[in-house]
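Right, one structure below, let's go through it.
Read-outs throughout are calculated quantities, based only on the coordinates presented, and are distinct from any laboratory measurement. Predicted model only: the values in this text are computed from it and were never measured. Heads up, the Cβs are rebuilt from the backbone with ideal geometry, glycines too, and the neighbour counts pull from every protein chain shown.
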Amino acid sequence: MCIGSDLGTCDTEGVPLGFSTRVILEDNFHAEWNGEFLDMEAAVAELKRRANLPWNQSPNRPPCEDWETCHREYHIVAYDTSKTPWQELSRTRALNVDSSGIRWSEEAIALGYAN
């Protein structure tokens, strides 16, 4: 779905074409940016790489002191960087990582992000 009714054509992620965008991997639980990318494909490739890494090793290991009982909740967030401050265009809950394993969200699976 295209964000806003007057923005015209959008890509498959709902981001209006022609915008200056940055795509951020964010650990939503810790409010921590985990990477900045020029496009959605690069961000998804990085998430797929992380999905194949152990939960208790960097970058999947949570930053908190009691990390063994914590988790990472990765979201993919697209921003219009032509505005100050940047305007959020889309947010996709993507990947959860904890001691019980790695789980792709239903939204990420539906978008074809999961391995």
If we count every other residue with Cβ under 13 angstrom of R103's Cβ, Lys/Arg +1 and Asp/Glu -1, where does the sum land? -1
Given an 8 Å cut-off on Cα distances and at least 6 residues of separation, report the relative contact order of segment 21-110 as a percent. 27 percent
Given the Cα atoms of segment 21-110, and with Rh set as the inverse mean 1/r over their pairs in the Kirkwood sense, what is Rg to Rh to two decimals? 0.98
Local net charge near D27, Cβ-Cβ under 10 Å (Lys/Arg +1, Asp/Glu -1): -2
